[in-house]
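Here is the structure we will look at, set down as structure tokens.
The values are calculated or read from the model by the stated rules, or taken from the named source; none is laboratory data. Here the structure is a predicted model, which means the values were calculated and not measured. Positions of Cβ are generated from backbone atoms using ideal geometry, with glycine treated the same way; all protein chains shown enter the neighbour counts.
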Amino acid sequence: MGTITSPDRTGNTRPAVALIAGPTASGKSGLAVDYARWLESRGQKAVIINADSAQVYADLAILSARPDEPEMGGIQHRLFGYIDGAEACSAARWAADARAEIAAAHAAGALPILVGGTGLYIRTLLDGIAPIPPIDPAIREAVRAMPVAQAHSALAIEDPASAARLAPADTTRVARALEIIRSTGQPIAHWQAHKLGGISEQITLHPLILRPPRDWLLERCDRRFATMLERGALAEVETLLTRHLSPDLPVMRAIGVPEVARLLRGEIDAGQCLADGQLATRQYAKRQYTWFRNQPPPDWRVVEEPLSDSFIANFDILF
């Protein structure tokens, strides 16, 4: 079977890629499997490719809600649990890995189905990444030591466009913009205008954004974290803590890990751990919800009702 193609909006035929994205607990993973099985019942192979920054880590099967074998439904899954927690997976690394998996799927005559809620990953894959040279360590150290108000004032002089665009209290982005202009001599906008590696012009993307009612979503977030605690999250974090990894690593900052770690250390009780983990999950879902409301192109298909069996009957319409 050859590469799966479809026409883009200009009529050009390009390799097809499906995308199912949205906030945590919105039902993306299950929908991706249903869609892949629907395709395979019609003779079309499919491969599901992870686009969630927590699900890349081997150490976080439970707290990342990574699909297990029964949930995978016999569909090939790629880039799930493939990175050791001692490593920090960047958007650039994931995008390079995803490009390779997409190419392999196309070569095998399968439709790649990207599924996840990490907007930065998705944007990096589609649009590319700015080729910013390494920042001078001395400059980075000096900038990061500055109070945010002082850094923003300096940015207003050295890169006024970035200063006008960024919130004065946005410590991370203000520091990043200032260290870039000081280290490279060019504002961050210069580098962002020369992004490399994006695949959006090489494929026909069939995107679907899940953005269900917030009350429905947040209730699912609460139930999900409670279920994680029941199904082994404590043992998962206990094993992770025995590795004595840096607390700055993404795997140690993943939703649920700090909360369960405090429980294991005796700093909070089980009830507080549940409440804290549920709150962290809801806050994360709200941030994702906002991203998927404001960042995707306006022509991307959005589904705002909760998932139901009727979706399976309408895959040919949805995609």
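At least 2 residues being among the hydroxyl-bearing types (Ser, Thr, Tyr) is the threshold, and among the helices (runs of 4 or more DSSP H) wholly inside segment 28-129 those reaching it are 28-40, 119-127.
Taking the conditions exactly as written (touching a residue at least 24 places away in the same chain (Cβ under 8 Å), assigned by TED's automatic domain parsing to the domain that holds residue 52 and either under 22 Å from residue 116 (Cβ atoms) or over 22 Å from the mean Cα position of the chain (by Cα) (or both)), does residue 283 satisfy them or not?
Taking the combined requirement at face value, the residue does not satisfy it.
One residue alone among 251, 260, 237 is in contact with a Phe, Trp or Tyr (Cβ under 9 Å, 6 or more places away or on another chain), at pLDDT 95 or above and buried (at least 19 other Cβ atoms within 10 Å of the Cβ), and that residue is 251. Looking at 135, 122 in this structure, which one is crowded, with 20+ Cβ neighbours inside 10 Å and not small (Gly, Ala, Ser)? After applying the criteria, what remains is 122. Within segment 240-259, residues that are under 12 Å from residue 87 (Cβ atoms) and in the same structural domain as residue 57 (by TED's automatic domain parsing) sit with their Cβ atoms under 6 Å from residues that are at pLDDT 95 or above and part of a helix (DSSP H, G or I), at 6+ positions apart or across chains, in these pairs: 245/252. I need the full set of residues from segment 265-293 which are closer than 19 Å to residue 227 by Cβ and surrounded by 14 or more Cβ atoms within 10 Å (Cβ to Cβ), in order please. Once the filter is applied, which keeps residues that are closer than 19 Å to residue 227 by Cβ and surrounded by 14 or more Cβ atoms within 10 Å (Cβ to Cβ), segment 265-293 yields 273, 274, 275, 276, 277, 278, 279, 280, 281, 282, 284, 285.
Restricting 66, 93, 78 to residues that are of a type in the set (Lys, Arg) and either on the phi > 0 side of the Ramachandran plot or free of Cβ contacts under 8 Å to residues at least 12 places away in the same chain (or both) narrows the list to 93.
When residue 69 is evaluated against the numbered criteria (1) under 21 Å from residue 228 (Cβ atoms); (2) buried (at least 20 other Cβ atoms within 10 Å of the Cβ), which criterion, by number, is the only one it fails? The one condition residue 69 does not meet is (2).
Restricting segment 148-166 to residues that are of a type outside the set (A, V, I, L, M, F, W, C) and at pLDDT 95 or above, the residue that is farthest from residue 186 (Cα to Cα) is 150.
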